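Asker: Pasting in a structure now, in structure tokens, and then I'll have a few things to ask.
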Amino acid sequence: MSALRIAEIFGPTIQGEGAVIGVPTVFVRAGGCDYRCSWCDSLHAVDSAYRHDWSRMTAAAILTRVEELSGGVPLTVSLSGGNPAIQNFAPLISLGKARGYGFAMETQGSVAQDWFSALSMLILSPKPPSSGETVDWARFEDCLARAGQVQTVMKIVVFDDVDYAWARAVARRYPDLPLYLQPGNHTPPPPDADDAEIDLDGIMSRYQWLIDKALGDRWYDPTILPQLHVLVWGNKRGV
Ligand SMILES: C[S@@+](CC[C@H](N)C(=O)[O-])C[C@H]1O[C@@H](n2cnc3c(N)ncnc32)[C@H](O)[C@@H]1O
Ligand SMILES: Nc1nc2[nH]cc(C(=O)O)c2c(=O)[nH]1
Ligand code: SF4
Ligand SMILES: [Mg+2]
């Protein structure tokens, strides 16, 4: 069985973002990403300069670690990264499901895989202009298609007015996808930092700004949520 590049496995913690915010989970963070978002808060799982901190793990070894962390009690595992979709997580998902574990995955929607249909939830997070990346919508729609009947939601990070207008346009294009808006964290940690310092006032005022924008526009479709784990633990890694 081929090994996967894994930047970190941690938990149990709560899912801090989006549709299942507050729900207990264990994170499996894949190493490597096809994007370089200017404000990425997980550069230690993106930049190949950090690859010496990543591990090569088989699906069986990953599941063993997930079972240790979760005390053998099944829950929904969160696959994140980096972009987990550039690797093959099918063997892990099938091993885990046989043990009662479910798998949610966070990806930007740039790479589609047949095994998306084995997930319990797909969270697509297309990147707004402030990221410096450009979305390939054909690929994004391929991700939607391969998810099939799997519950799929969209999460858009908003840093400024341009991102906000972009999110509105994307929402009009995909009216059936439940939408979560997340204010950008302007103080992502340097990848090797182990302190938790955040600009709490800044985060809260940007959250208020985003709420005021949407409600002022009578845009009532999205759910607007901050990164709960950042509010609780700051920018610490592994929470
Ligand atoms: C680190 S990414 C990994 C998964 C995948 N590459 C993606 O971007 O969806 C997980 C989530 O964190 C969000 N994110 C990354 N940096 C952020 C920041 N500085 N502020 C708010 N959200 C951020 C991403 O948009 C994505 O929704
Ligand atoms: N608690 C917690 N919730 C999260 N939701 C998405 C995360 C991510 O980095 O993908 C994340 C994370 O790193 N921690
Ligand atoms: S796509 Fe996700 S992991 Fe990759 S650089 Fe952007 S936010 Fe970071
Ligand atoms: Mg994160």
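Asker: Only Lys, Arg, Asp and Glu count, each charged at its Cβ (+1, +1, -1, -1), so figure out the dipole size of the chain about its Cα centre, rounded to 20 debye.
Answerer: 660 debye
Asker: While we're looking at this one, here's another question. On C-alpha positions alone, give me the angle between the axis of helix 137-147 and the longest principal axis of the chain, in degrees, nearest 10.
Answerer: Around 50 degrees separate the two axes.
Asker: Moving on to the next point. For region 115-239, how big is the tail of P(r) above 25 Å, as a whole percent of Cα pairs? Mind dumping the intermediate values first?
Answerer: Working: 2482 of 7750 pairs.
Value for region 115-239: 32 percent of Cα pairs lie more than 25 Å apart.
Asker: Let's test the formula: R0 of 41 Å, r as the Cβ-Cβ distance of Asn88 and Arg218. What FRET efficiency results, to the nearest 0.05?
Answerer: Values: r = 44 Å, r/R0 = 1.08.
After rounding to 0.05, the efficiency reads 0.40.
Asker: For the chain, count all C-alpha to C-alpha pairs, find those more than 28 Å apart, and express that count as a whole percent of the total.
Answerer: On the way: 7896 of 28441 pairs.
So the pairs more than 28 Å apart make up 28 percent of the total in the chain.
Asker: Set the Förster radius R0 to 25 Å, insert the Cβ-Cβ distance between Val73 and Val239 as r into 1/(1 + (r/R0)^6), and round the FRET efficiency to 0.05. Could you put the intermediate results ahead of the total?
Answerer: Working: r = 19 Å, r/R0 = 0.78.
FRET efficiency, Val73 to Val239: 0.80.
Asker: Sticking with this structure for a sec: Considering the Cα positions of region 1-137, please state its Rg to one decimal place and its Dmax as a whole number of Å.
Answerer: 14.3, 42
Asker: For Cα pairs less than 8 Å apart in space and 6+ apart in sequence, what is the mean separation divided by the residue count of region 104-239, i.e. the relative contact order in percent? Let's see the in-between values first.
Answerer: Details: 201 pairs, mean separation 27.2, N = 136.
After rounding, I find 20 percent.
Asker: At 7 Å along Cα-to-Cβ for each site, give me the label-to-label distance between Tyr50 and Lys97 in nm.
Answerer: Placing both labels 7 Å beyond Cα along the Cβ direction yields 3.0 nm.
Asker: Run the count for the chain, please: Lys pairs, Cα-Cα under 24 angstrom, 8 or more apart or on different chains.
Answerer: Values: Lys127/Lys155; Lys127/Lys213; Lys127/Lys236; Lys155/Lys213; Lys155/Lys236.
Pairs that pass both the separation and distance tests number 5.
Asker: Based on Cβ point charges of +1 for Lys and Arg and -1 for Asp and Glu, what charge dipole magnitude is obtained for region 145-239 about its Cα centre, in debye rounded to the nearest 20? Please report the intermediate quantities before stating the final value.
Answerer: Details: 10 positive and 13 negative charges, 116 e Å.
Result for region 145-239 is approximately 560 debye, rounded to the nearest 20.
Asker: Averaged per residue, what accessible area in Å² does the chain show with a 1.4 Å probe, protein chains only?
Answerer: On the way: 10710 Å² over 239 residues.
Accessible surface, normalised per residue, equals 45 Å².
Asker: So if I place +1 on the C-beta of Lys and Arg and -1 on the C-beta of Asp and Glu, and nothing else carries charge, what would the dipole magnitude of region 89-182 be about its Cα centre? I want it in debye, nearest 20. Display every interim value, and only then the final one.
Answerer: Working: 9 positive and 10 negative charges, 67 e Å.
Its charge dipole is roughly 320 debye.
Asker: Continuing with the same structure: With a Förster radius of 35 Å, plug the Cβ-Cβ distance of Asp160 and Ser120 into 1/(1 + (r/R0)^6) and report the FRET value to the nearest 0.05.
Answerer: On the way: r = 33 Å, r/R0 = 0.95.
According to the calculation, E is roughly 0.55.
Asker: Further question: Mind pulling the per residue volume of the convex hull built on the Cα atoms of region 3-46? Å³ is fine. Could the numbers behind the result be given before it?
Answerer: On the way: hull volume 4.2 nm³, N = 44.
Taking the convex hull of the Cα positions in region 3-46, it is 95 Å³ per residue.
Asker: Binning at 10 angstrom from zero up to the longest distance, how are the C-alpha pair distances of region 117-188 distributed in percent?
Answerer: The calculated distribution, bin by bin, is 19, 51, 26, 4.
Asker: So if I take the centroid of the Cα atoms in region 27-41 and the same for region 124-145, what is the distance between those two points in Å?
Answerer: 14 Å
Asker: I'm a student and want to see the number: the projected area of the Cα convex hull of region 40-97, averaged over all directions, in nm².
Answerer: Values: hull surface 18.1 nm².
Projected over every direction and averaged, the Cα hull of region 40-97 covers 4.5 nm².
Asker: In region 147-198, what percent of the accessible surface is made up of carbon and sulfur (1.4 Å probe, ligands and nucleic acids excluded)? Don't jump to the answer; show the numbers that get you there.
Answerer: Working: 1270 of 2560 Å².
Carbon and sulfur: 49 percent of the exposed surface of region 147-198.
Asker: Compute the whole-percent fraction of alpha carbon pairs in region 170-239 spaced more than 18 Å apart.
Answerer: Details: 1121 of 2415 pairs.
Result: 46 percent of Cα pairs exceed 18 Å.
Asker: Which residue, chosen from Gln208, Ala167, Trp233, occupies the Cα position most advanced towards the positive end of the dipole of region 108-239, where the dipole is computed from +1 (Lys, Arg) and -1 (Asp, Glu) charges on Cβ about the Cα centre?
Answerer: Selected residue: Ala167.
Asker: Sticking with this one: Quick one: divide the alpha-carbon radius of gyration of region 67-154 by 2.2 N^0.38 Å and tell me what you get. Kindly include the intermediate steps, with their values, before the conclusion.
Answerer: Values: Rg = 13.6 Å, N = 88, 2.2 N^0.38 = 12.1 Å.
So the Cα radius of gyration is 1.13 times the expected 2.2 N^0.38 Å.
Asker: Another one. Any chance you could check the Cα centroid distance between region 169-205 and region 52-77 for me, in angstrom?
Answerer: One Cα centre to the other: 27 Å.
Asker: From the helices alone, meaning DSSP H stretches of at least four residues, give me the mean residue ellipticity at 222 nm for the chain, per-run term -39500 (n - 2.57), in deg cm²/dmol to the nearest 500. Before the final figure, lay out each step's value.
Answerer: Details: 6 runs with 67 residues, N = 239.
Rounded to the nearest 500, the figure is -8500 deg cm²/dmol.
The values are calculated or read from the model by the stated rules, or taken from the named source; none is laboratory data. Since this is a predicted model, take the numbers as computed values, not measurements. Positions of Cβ are backbone-derived with ideal geometry, glycine not excepted, and every protein chain shown enters the neighbour counts. The protein model used for the area step is the full one, side chains on, heavy atoms only, and it has no ligands, DNA or RNA in it. Shrake-Rupley method; radii C 1.70, N 1.55, O 1.52, S 1.80 Å.
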